[in-house]
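One structure is given here, and the rest of the page talks about it.
The values are calculated or read from the model by the stated rules, or taken from the named source; none is laboratory data. These numbers were taken from a predicted model, which means no experiment stands behind them. Heads up, the Cβs are rebuilt from the backbone with ideal geometry, glycines too, and the neighbour counts pull from every protein chain shown. All accessible areas refer to the heavy atoms of the entire protein, side chains included, with ligands and DNA or RNA removed. Shrake-Rupley method; radii C 1.70, N 1.55, O 1.52, S 1.80 Å.
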Amino acid sequence: MYDRPTRRELLATIRAFLEGEVMPALEGRRAFHARVAANALGIVERELEHAESQERLALERLGELLDRRGSFEELELELCRRIREGEIGLDSPGLVEHLRATTLAKLAVDQPRYASYRRALEEWPGASGRGVSAEDPGEASE
Amino acid sequence: MADPAALEAGLGRALEACLAGFRGLRDLRRLSGGASAETWAFEAECDEGPLPLVLRGRLGGTEAGGASLPIEVEAALVALAQQSGVPAPRVHCVLDASHGIGVGYVMQRMPGETLARRILREERFAAARPRMAAQCGAILARLHRVPCEDLAGLPSLGAAEQIAHNRRVYDELAQPHPVFELAFRFLEECRPDAVEAALVHGDFRNGNLLVEESGVTGVLDWELAHRGDPMEDLGWLCVPPWRFGEIDRAVGGFGEREDLYRAYEAAGGRSVEPERVRFWEVFGALKWGVICVGMYGIWKSGLDDSVERAAIGRRASEAEVDLLRLLAP
């Protein structure tokens, strides 16, 4: 329904403006905040790219792990409760796999240049699941 | 923020009373302002030449921060640590209400670089980096022996209190993080026995150390100091976010654990139990994660509307991957 530019095109052009024109014209704290703002736009761009498929996969994993249905928020709360009360832990089948996959999916959006994330991608083969590209470092800061 | 003209006048009056040969001050400029204190730099003109100084304090109405020491306690502690041989700024003057500009203290402005990325990457620190882990060990051994029993206002914070505090903060933020829950379980199950309390710096890490070509020459940012388990400082120094990308060098991104531990023991520190340090490293990674979520909480509450404050919430996932690599390698 909405005309061009698409939301992704808009985000990309705003980020290019911040990086190409605003940041070089500022100094100190303002330049730093402009960089943070550009990085934040990068997060939104990557989330638009990955959120739908990753949230579906995470919900599937959670449903299987907890053996119940619900929204992502409900199941995440339930998982927290079970870990806190000791009903599920590091030895429980599927828990570590779910947490690794979820954390890698979040970092692929939040901070794909974070060194521990790059290393975890190598250390946990297969954990990043489908749909997440490790080759999209964006403009994230560490 | 304090009014610069009023600050300059009040500061001048205070320095006349406590700085020998003081003639005047110039170039008063704001360095930073946290929630709990402001920091200003200036030069004092003295009979023997200019003296680079720093003013830190609750000036112009800034409130005491939640976890931070009261500023007068911080001033007394920095002075005590410096007199006990820790490379910390020399405290020249403590300001009280009678000076009319709030409470604070004036200290020596020590030379050196604090920006972690420069310390880890610039050529001029190439010779310093391999020495720094051992230097940190020796400094910490001395710091942990500073006699702080008589320092009023220094809180006692052992592992149990700190886990409970972070649990409370995390619960109040009401944002579920299953990885953080796992870390809390680990900390509660693996909490080491309490030890005889020592002075703990509380934020001894790359970023709060002054570094010159010769290595570590100063320790800054004392506001989170407390009495507790000295291994907390060793663990915090090794927490992954303070490696600034150099994740294979566990100590601040510049050095090896073995060098830190060996130098710590050789300089008279207690015998290092690696498992105890690991406990504090997990604690530190979790604490950093809770801080990230809390930064978003501060933004959400409207107390700070900066984009930086909001965006740091998205760094909680960094703490999650670090915790998973520690707990389920």
For this session: Of all residues in the range B:9-29, count the ones that are hydrophobic (A, V, I, L, M, F, W, C) and assigned to a helix (DSSP H, G or I).
Result: 6
Exercise. Out of the residues in the range B:272-329 that are in contact with a Ser or Thr (Cβ under 9 Å, 6 or more places away or on another chain) and open to solvent by 30 Å² or more (accessible area, probe 1.4 Å), which is farthest from the other protein chains (Cβ to nearest Cβ)?
Worked result: B:299
Exercise. Does any residue of the range B:250-257 turn out to be open to solvent by 40 Å² or more (accessible area, probe 1.4 Å), at the interface with chain A (Cβ under 9 Å from one of its Cβ atoms) and assigned to a loop (DSSP other than H, G, I, E, B)?
Worked result: no
For this session: Being away from every other protein chain (no Cβ under 14 Å) and in a helix (DSSP H, G or I) is the filter here, so list the residues in the range B:139-163 that pass it.
Result: B:139, B:140, B:141, B:142, B:143, B:159, B:160, B:161, B:162
For this session: Filter the range B:193-223 down to residues that are closer than 30 Å to residue B:149 by Cα and loosely packed, with under 15 Cβ neighbours inside 10 Å and give me whichever is farthest from the other protein chains (Cβ to nearest Cβ).
Result: B:196
For this session: State which residue is nearest to the chain's Cα centre (by Cα) when the search covers only the range B:112-151 and only residues that are in contact (Cβ under 8 Å) with a residue 40 or more places away in the chain and open to solvent by 80 Å² or more (accessible area, probe 1.4 Å).
Result: B:115
For this session: Among the candidates A:55, A:60, A:21, single out the residue that is more than 22 Å from the chain's Cα centre (by Cα) and not aromatic (Phe, Trp, Tyr).
Result: A:21
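Mind checking whether some residue in the range B:180-192 is open to solvent by less than 20 Å² (accessible area, probe 1.4 Å), farther than 30 Å from residue A:101 by Cα and away from every other protein chain (no Cβ under 14 Å)?
There is no residue in the range B:180-192 that is open to solvent by less than 20 Å² (accessible area, probe 1.4 Å), farther than 30 Å from residue A:101 by Cα and away from every other protein chain (no Cβ under 14 Å).
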Problem set entry | Cβ-Cβ under 6 Å pairs, at least 6 apart or on other chains, the range B:213-227 side under 25 Å from residue B:73 (Cβ atoms) and acidic (Asp, Glu), far side modelled with pLDDT of 95 or more and assigned to a loop (DSSP other than H, G, I, E, B) | B:221/B:203; B:221/B:208
Seminar exercise, completed: Residue hits (the range A:4-29; farther than 26 Å from residue B:115 by Cα, assigned to a helix (DSSP H, G or I), basic (Lys, Arg) and open to solvent by 70 Å² or more (accessible area, probe 1.4 Å)) are A:7, A:8
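Condition (residue is basic (Lys, Arg), within 13 Å of residue B:218 (Cα to Cα) and in contact with a strand residue (DSSP E or B) (Cβ under 7 Å, 6 or more places away or on another chain)) applied to the range B:119-131: is it met by at least one residue?
No, because not a single residue in the range B:119-131 is basic (Lys, Arg), within 13 Å of residue B:218 (Cα to Cα) and in contact with a strand residue (DSSP E or B) (Cβ under 7 Å, 6 or more places away or on another chain).
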Exercise. Can we say residue B:174 is within 14 Å of chain A (Cβ to nearest Cβ) and within 16 Å of residue B:281 (Cβ to Cβ)?
Worked result: no
Exercise. Got a number for residues in the range B:162-171 being out of contact with any helix residue (DSSP H, G or I) (no Cβ under 8 Å at 6 or more places or on another chain) and within 25 Å of residue A:62 (Cβ to Cβ)?
Worked result: 1
For this session: Look at residue B:282 and say whether it is part of a loop (DSSP other than H, G, I, E, B), under 24 Å from residue B:193 (Cα atoms) and assigned by TED's automatic domain parsing to the domain that holds residue B:162.
Result: no
